Amino acid sequence: MPGPLDGLRIIEFAGLGPGPFACMMLADHGAEVIRIERPGGTKGGPESDARTDILLRSRKRIAIDMKSDSGKAVLRDLVATADGLIEGFRPGVMERLGLGPDEMLLLNPKLVYGRMTGWGQTGPYAQMAGHDINYIALSGALHAFGRKGEKPTPPINMMGDFGGGAMMLAFGMVSALLHVQRGGDGTVIDAAMTDGSALLMSMIYSFHGQGWWKDERGVNMLDTGAHFYDVYETRDGKFISLGPIEPQFYARMLELTGLADDPAMAAQTDPTKWNEMRDKLTKVIAEKTRDEWDAIMTGSDACYAPVLSLTEAPDHPHNQSRATFATAGGVRQPTPAPRYSSIATTPPEMPDGQTHARQILADLGYSGGQIEQTLAQGGVS
């Protein structure tokens, strides 16, 4: 069955990271996403081949010289038929190309124009270069990641690029598209990774405001300060995760680790005892291999999971049972999420190295002669 976004056309201006991820999500859920690339093609990331870049899956691709007359004509025709547009350039770049929101919304008043940046379209930092690590530093998020007494540890680029950036943009696009479908006008979405990563910290800001989250790393319940919310090394040098916050789950964890009768482990929520209890738990966990703990803990309410590597995770029985990973184009990759009970997501389809210029132009209503003429002019391929 068609996906929930079936029938929507999104124009994507090629970029890296969060923009492509947002477009991947929209394509995963049924939208037709047409990726505009520079002549000669676009790599998906540093030293990468677009044919193996998961973020570029399930798209139509066309190469357009945005400075050529023929290229601009095709772009305008595409935008005129589109429901949404996504770009991730520094503020002002699209305006200088004559493709800014004012021009595009004049051409298509119902257009949802999504803009993905790190700092946002306005503010003192708006024109500065930056990356995920910088954006989450400014929002207060990076300060919270790390162990006690250690410097902040970037959570790779999950929080700024993808959580605070791409997913916020995808949510904004769907929200604005729904607004248009209900009779509203098109709009511009200013999706900034600083804003998004700050929003992701809402619960922590709430806890801090309530007085029970210290503005320090590694001393709170969820930041490795508590012994019952941490990772532990096993005898074979692997790791397991434990997170039994609720008293009944904590009690079950103590039973399975053989520490239920140790009076020193009873003061679960007393921060002054956390280090002592962590030492005991560390020693016990180190006595068995990860597989041995897996056999003991799996199926229980101890709030346990093995810490799996990127090569291990796709083969885990739970992930296999839910088809959490699939192989497409020879590339093993996560499948679309979330799932729906009565509508389908789009099975991953990797780029084949070819553009879809002829098909896209035909879909726009170009005749065979017009297609050949447009391609011959060299601005579109």
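What follows is calculated from the coordinates using simple rules that are stated; it is not laboratory data. Predicted model, so just to flag it, every value in this text is computed and none were measured. As a convention, Cβ positions derive from the backbone with ideal geometry for all residues, glycine included, and neighbour counts pool all protein chains shown.
Work out the P(r) tail for the range 68-179: percent of alpha carbon pairs separated by more than 17 Å, whole number.
Of all Cα-Cα distances in the range 68-179, 63 percent exceed 17 Å.
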Handout entry: Highest-fluctuation residue, Pro338, Pro152, Pro91 considered, GNM on the chain with Cα pairs under 10 Å
Key = Pro338
Fill in the blank from the handout: Counting only residues 5 or more apart in sequence or on a different chain, those whose built amide H sits under 5 Å from that of Ile189 are Tyr113, Gly114, Arg115
Exercise for the section: Report, by chain and number, residues whose modeled amide H sits under 5 Å from the one on Gly100, excluding near sequence neighbours (fewer than 5 apart, same chain). Expected result: Glu95
Practice task
Mind sorting out which of [x] -0.42, -1.23; [y] -0.49, -1.14; [z] -0.34, -1.15 is the real log10 I(q)/I(0) by the Debye sum over Cα atoms at q = 0.07, 0.14 Å⁻¹ computed from the coordinates?
Solution key: [x]
Fill in the blank from the handout: Burial-style ranking of 155-163, 303-311, 195-203, average other-beta-carbon count within 10 Å with highest first, yields 155-163, 195-203, 303-311
Handout entry: Test item: Cα-centred dipole of the chain, Lys/Arg +1 and Asp/Glu -1 on Cβ, debye
Key = 540 debye
Problem - Per-residue HN-Hα couplings for the range 371-381 [Karplus 6.51, -1.76, 1.60; θ = phi - 60°; Hz; x = Gly/Pro] - result: 4, 5, 5, 4, 5, 5, 6, x, x, 9, 8
Fill in the blank from the handout: Listed by chain and number, the residues whose amide H is under 5 Å from that of Arg61, excluding neighbours fewer than 5 places away on the same chain and using placed H, are Arg35, His356
Exercise for the section: Could you tell me how many degrees, from 0 to 90 and to the nearest 10, lie between the Cα long axis of helix 274-285 and the main elongation axis, the longest principal axis, of the Cα atoms of the chain? Expected result: 90 degrees
Handout entry: ³J(HN,Hα), Karplus 6.51/-1.76/1.60, whole Hz, each residue of the range 67-82, x for Gly, Pro
Key = 9, 8, 5, 5, x, 4, 5, 5, 4, 5, 5, 5, 5, 5, 9, 8
Problem - Calculated [θ] (222 nm, deg cm²/dmol) that DSSP helices of n ≥ 4 give over the chain, each run adding -39,500 (n - 2.57) - result: -9500 deg cm²/dmol
Exercise for the section: Show me 120-133, 168-181, 238-251 ranked by packing, highest mean number of other Cβ atoms within 10 Å first. Expected result: 168-181, 238-251, 120-133
Exercise for the section: Could you work out how far helix 247-257 tilts from the main Cα principal axis of the chain, as a 0 to 90 degree angle to the nearest 10? Expected result: 70 degrees
Exercise for the section: Quick one: how many lysine pairs does the chain have with C-alpha atoms less than 24 Å apart and a gap of 8 or more or different chains? Give me the count, please. Expected result: 20
Handout entry: For the range 341-357, Karplus couplings with θ = phi - 60° (6.51, -1.76, 1.60), whole Hz, Gly/Pro x
Key = 7, 10, 10, 9, 9, 8, x, x, 9, 7, x, 9, x, 10, 8, 10, 4
Completion exercise
Beyond 23 Å, the calculated P(r) of the range 1-153 holds a percent of Cα-Cα pairs equal to 45 percent
Problem - Coil-residue trypsin sites (Lys or Arg not before Pro) of the range 136-191, DSSP, other Cβ within 10 Å capped at 12 - result: Arg182
Handout entry: Cα gyration tensor shape of the range 239-306, rounded if a/c is under 1.5, else prolate or oblate by comparing a/b with b/c
Key = prolate
